[in-house]
1. If only one of Ser107, Ser83, Ser144 is within 26 Å of Asn278 (Cβ to Cβ) and not acidic (Asp, Glu), which one is it?
2. With without any contact (Cβ under 8 Å) to a residue 24 or more places away in the chain, over 17 Å from Gly178 (Cα atoms) and open to solvent by 30 Å² or more (accessible area, probe 1.4 Å) as the only criterion, which of Asp129, Asp96 stands out?
3. Considering only residues of the range 204-220 that are open to solvent by 50 Å² or more (accessible area, probe 1.4 Å) and modelled with pLDDT of 95 or more, which is nearest to Gly97 (Cα to Cα)?
4. Mind listing just one residue for me: the one in the range 154-172 that is more than 9 Å from the ligand (Cβ to nearest atom) and buried (at least 20 other Cβ atoms within 10 Å of the Cβ) and, of those, farthest from Glu110 (Cα to Cα)?
5. Which condition does Pro264 not pass, out of (1) in a helix (DSSP H, G or I); (2) away from the ligand (no atom under 14 Å from the Cβ), if it passes all the others?
6. Output the number of residues of the range 132-145 satisfying the condition of being open to solvent by 50 Å² or more (accessible area, probe 1.4 Å), within 12 Å of the ligand (Cβ to nearest atom) and in contact with a helix residue (DSSP H, G or I) (Cβ under 8 Å, 6 or more places away or on another chain).
7. When you scan the range 16-104 for helices (runs of 4 or more DSSP H) that lie fully inside it, which ones turn up with 1 or more residues that are within 13 Å of the ligand (Cβ to nearest atom), modelled with pLDDT of 95 or more and outside the structural domain of Arg126 (by TED's automatic domain parsing)?
Amino acid sequence: MSLAITADARAAFDRHLAHGDEAAAAGLAVRLVEDGVSAEDVLLDLVGPAQVTVGARWAAGEWTVAQEHAATHVSEQAIAAVSAVTAAVPHGPRADGTAGGVLVACSDGEWHVLPARILSEVLRLRGHDVRFLGGHVPEARLVSELHQTGPDLVALSCTLPMRLPLAHRLIQACRPVGVPVLAGGTGFGPDGIWARTLGADLYAADAPTADELLRRQWPPPLAGRPSIDPACAEAYAQFVRRRSELLHRVVARLHERHPALRDPTDHEYDTTTANLSNLLDSLAAAVFVDDTQLFTDFLSFATAFLTARSLPPDHLGTVLETPAELLRDAPLFMGQLDTGRGWLANNA
Ligand code: B12
């Protein structure tokens, strides 16, 4: 039986992340495994929760992006060290006990890489033959991998719901070669509700559940049926055609309306543009899957993000004015925007 991870070990690991001390973090993770904690528990129960704290510190403005990147790198080194000292169980999901080929990819535009990295290692520990493609996998790269390596399954990780339309394209790209898609990650919504909307063949909330599902039937059948409303897909496609104009005008309006934001430095301009681009993509993704929760969840993140940086959340109200003017002829967008403005009035 695996030993439990103590509070002292967690505190020490968090400290190593805060100091960017990869040797100490990797050493601690390996020592836990040598002392009898299962490698899977170290990954899922130590490194995973520590990474949530890393992201939360950055979001709260306590840590700079550089501190967050350094800490995330240390987490990755700890995972690699655990991986190097553990052998995979020689018992794959195929009937003859050999490993099945799993290609793990993060959705296009997705830089939350650690969730997929941990998934990959846990599947490997459980006997799967895993190839990890890393973050932000565009459709062309996935298709080329499918043809070159011939996996039995694609495991698609999505943490940001705003990337769901791109995740849908990746799922679609697997269809012509008959490779089933297992979806996972918090971006697929509560209980993976949007994984089903996009037509993923399977969904699992965590790596152990994924392994159990795969062992029940290997390879999994192509069972997914997308249920995207054609009107939503069309409204999204029209948005894509107008996205750069919209973004340009939203950024300009924000700068002209708020005196404190006038004359931004190049860096401030780029950061604002990236943040507003995320907001528009969240709006469009909410239209695509036809769910207002996707948009209000993003507004909730954005409100907390601005508040933590002493910026008034009423900037968000200004930001929503421009799409409300330019997308008047798109009722699905107007519906989302009305819900968003109602949410801001009650919560921001
Ligand atoms: C760490 C983190 C970051 C780090 C990412 C570092 C890295 N390279 O990975 C940094 C700080 C860079 C970051 C950036 C951003 N983030 Co962030 N981030 C987080 C945070 C705090 C933790 C994510 C994490 O690593 N969890 C730990 C892992 C181990 O757990 P997990 O994600 O649940 O994954 C497990 C399972 O889900 C499952 N799983 C995962 N994938 C798969 C796939 C399959 C097939 C299966 C079966 C299972 C499976 O197994 C995993 C292992 O156990 C979350 C909030 C949260 N509490 O989740 C926000 C969060 C995801 N981020 C958010 C946002 C908005 C962003 C930014 C857009 C912020 C911005 N700049 O404006 C950027 C986007 C970056 C990008 N383009 O991808 C929001 C998303 C909100 C929303 N609804 O849209 C969240 C929810 C924060 C919040 N408070 O709202 N983030």
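1. Values: Ser83 fails: within 26 Å of Asn278 (Cβ to Cβ); Ser144 fails: within 26 Å of Asn278 (Cβ to Cβ).
When all the criteria are applied, what remains is Ser107.
2. Step by step, each of Asp129, Asp96 is checked, and only Asp96 is without any contact (Cβ under 8 Å) to a residue 24 or more places away in the chain, over 17 Å from Gly178 (Cα atoms) and open to solvent by 30 Å² or more (accessible area, probe 1.4 Å).
3. Glu212
4. Ile171
5. (1)
6. 1
7. Those helices (runs of 4 or more DSSP H) span 48-59, 65-85.
The rows are residues; the columns are (1) touching a helix residue (DSSP H, G or I) at 6+ places or on another chain (Cβ under 8 Å); (2) open to solvent by 20 Å² or more (accessible area, probe 1.4 Å); (3) not hydrophobic (A, V, I, L, M, F, W, C).
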residue: Leu28; (1), (2), (3): yes, no, no
residue: Thr53; (1), (2), (3): yes, yes, yes
residue: Ala88; (1), (2), (3): yes, yes, no
residue: Leu103; (1), (2), (3): yes, no, no
residue: Ser107; (1), (2), (3): yes, no, yes
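The values are calculated or read from the model by the stated rules, or taken from the named source; none is laboratory data. On a predicted model such as this, the values are computed, not experimentally measured, just so you know. Because the Cβ atoms are built from the backbone with ideal geometry, glycine has one as well, and the counts that use them run over all protein chains shown. Please note that ligands, DNA and RNA were not included when accessible areas were found on the heavy atoms of the full protein model with its side chains. Shrake-Rupley method; radii C 1.70, N 1.55, O 1.52, S 1.80 Å.
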